[in-house]
Amino acid sequence: MKELGEKVHLTGQAASARVAKLEDHGIIEGYSIKVNQAKMGYAVHAIIHIYTKSTNHQPYLSFVKTQQQFVMNNYKISGESCYLLECKFPSNEILDEFLTSLSNYVSYKLSIVISK
């Protein structure tokens, strides 16, 4: 907290007290770590629009739960598709295997992230 306090012209103790107050009021809900996926061996970043084949989405959702090593986010969305699936893969070959399995549950449209 000392470094934070210096940046906002407060003592470390004062900065710590303000952060604790923000946490207590629910303004700060948590903390996170940003992981470099490429350095972790996941060079392929895919955005997949999911189109369910029926109104029963459970088979798809169950499949996604078994693929947590690749799935970063699975958003239920409005619009053209039903879900927006954000994934990372170590290679195009692993991506292809994932898509082959995925096609047993849903139709999809794939986009590969070129740069952020």
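The values are calculated or read from the model by the stated rules, or taken from the named source; none is laboratory data. Bear in mind that the values here come from a model prediction, so they are computed numbers and not experimental data. Here Cβ is always computed from backbone atoms with ideal geometry, including for glycine, and neighbour counts include all displayed protein chains.
Observations on the structure shown:
- In the range 74-98, the residue that is surrounded by the most Cβ atoms within 10 Å (Cβ to Cβ) out of those that are in contact (Cβ under 8 Å) with a residue 24 or more places away in the chain and of a type in the set (D, E, K, R) is Lys88.
- Qualifying residue in the range 46-61 (condition: out of contact with any strand residue (DSSP E or B) (no Cβ under 9 Å at 6 or more places or on another chain), assigned to a helix (DSSP H, G or I) and under 30 Å from Leu95 (Cα atoms)): yes
- The residues listed here are Val71, Val19; of these, the one that is surrounded by 13 or more Cβ atoms within 10 Å (Cβ to Cβ), in the same structural domain as Val8 (by TED's automatic domain parsing) and free of Cβ contacts under 8 Å to residues at least 40 places away in the same chain is Val19.
- The range 99-116 - residue that is of a type in the set (Val, Ile, Thr) and touching a residue at least 40 places away in the same chain (Cβ under 8 Å) and, of those, surrounded by the most Cβ atoms within 10 Å (Cβ to Cβ): Val106
- Among the residues of the range 25-53, those that are surrounded by 10 or more Cβ atoms within 10 Å (Cβ to Cβ), over 10 Å from Cys87 (Cα atoms) and without any contact (Cβ under 8 Å) to a residue 60 or more places away in the chain comprise Ile28, Val35, Gln37, Ala38, Met40, Gly41, Ala43, Ile50, Tyr51, Thr52, Lys53.
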